[in-house]
Structures are given as C-alpha cells and as structure tokens.
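Trainee: I am attaching a structure below and will ask some questions about it afterwards.
The values are calculated or read from the model by the stated rules, or taken from the named source; none is laboratory data. Keep in mind the model is a prediction, meaning the values are calculated, not measured. Neighbour counts are summed over all protein chains in view; Cβ atoms, including those assigned to glycine, are modelled from backbone coordinates with ideal geometry.
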Amino acid sequence: MLRKLVSYPLGFLICAIAAHEILNPTNIIGMHAQRLLRQTEEDIREYKSAEVIQRNVERINHICDDLRRFSRDEKPQFAPFDPDKVVRDSIDLVLHELRLVSVRHSLELNGGNVRVIGDHNQIQQVFFNLIGNARDAMHSGGRLTITTSEVFEEDKKWWECRVIDTGTEISDEVLPKLFDPFFTTKPEDKGTGLGLSVTFGIIESHGGKIWAESDGKNGSTFYVRLPVEEP
C-alpha cells in the first residue's frame, strides 16, 4: 500500500517534508549531545547518556536519508554502460567494510562485452545495498560471491548478476516481504527496511527484475536481471 502511495507526487512530497522536518530538531539534539561528550568525563553516568543520545541521532539521520532516497521521483539518466564494471567498482568501494567483519569475497564476472542502458549511479546504489545486506547477514564472517552472465529468457537477452552470501538464511515467510517498504529483520539500530524497497524501484524503472532465493541452509542469493542493449 505504501509503495502505491509514494508512486504519486503527494506521497513523495510527504516523505520528503517529513525527513526535512525531523532532521532540523535532530541536528540540534545531536550538537548538544556532542558538546556533552566533549565536556563530560567518560566514567560518569551523563557521558553514557550522551553516547546513547548520539547513537540514536545517527540512527534518525540514517532513517531520514532512506526516506529522502525513497521519496525521490527522479527519472534515471539513461546511457550505455558496462554492468560488470559497476559490480567491480562497487566491491572496490566497500572492500574495507567487508574485511572489518571477516567477509571474504570472490568475483566471477562473465557478462562478456554486453552493455546495459541505464543510470550508472542508480545501478551502483543497487549493488551497494545488496552487498551491504549480505555483509550484515554474515556478522560472524563468511564468503560473498558475485557472479555475472548472459541469459536468454522471453526471447530477450539479459545481463544477470547473482549476489550470494553464506550468512543467515531467509525463511519462506520472509521472502515475499523482502522488498516491502519498512520491512526488516534487522535490529532497530541496524536497518530501516527501505534499502531493498529502493533497490526494487530502481531495477523496476530500468525494465529489469530482482528476486531472492534461500534454501534455508546455505545463506541466500539475490538475482538481478537487466535487459541488454540491442546492437
């Protein structure tokens, strides 16, 4: 229902205004919390309280960022690009974060020389979101595997990417809800439930497909398909 709401200009406007109005007082609270942290000894109760306030201010900022991304009614800036390169660049940019949680990675990029018509930055955001979700699912370490290939379906050529993790499995009850706005299985301080919804919207606007599979034993796989540029 919310996805239907925000597909209209009023819905986008409501989300954008809400994020803006929440951020204004939150920033003031954050500044006072930072001042308390600078001026208070670490071993007293007030310092701990200021830390809690600051952590929650950061969470509110994160939620508002997601709301603003979710509310944008932007048309993608379409141009031909190499999707394999987008995947490679995305991994390079988050490699440090993966190492911090002992996640190893491997790339098997076999998309050939195909080109996709789309918004390079938006597709990169898709992979930031998917890689981030995989990282969070492997909080005790694991392996992230990303593969790409050309596939044929419905008399069309597609570029397909699989993001495979060895982390927490996705139950049959959760799978149908994964891309719903504000749905999340993460702790309150770890996710807003908007990342995959934004991801779904981006892929949909590019004429692509996205879905997830999990066998309940060996982590999860997210599939992304984008139509290949015809010669």
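Trainee: Does Asp180 qualify as being surrounded by 21 or more Cβ atoms within 10 Å (Cβ to Cβ) and at pLDDT 75 or above?
Mentor: no
Trainee: Please find, among Thr26, Thr40, the residue that is at pLDDT 75 or above and touching a Phe, Trp or Tyr at 6+ places or on another chain (Cβ under 9 Å).
Mentor: Thr40
Trainee: On the basis of being among the acidic types (Asp, Glu) and crowded, with 18+ Cβ neighbours inside 10 Å, does Asp172 make the cut?
Mentor: Judged against the criteria, Asp172 is not a match.
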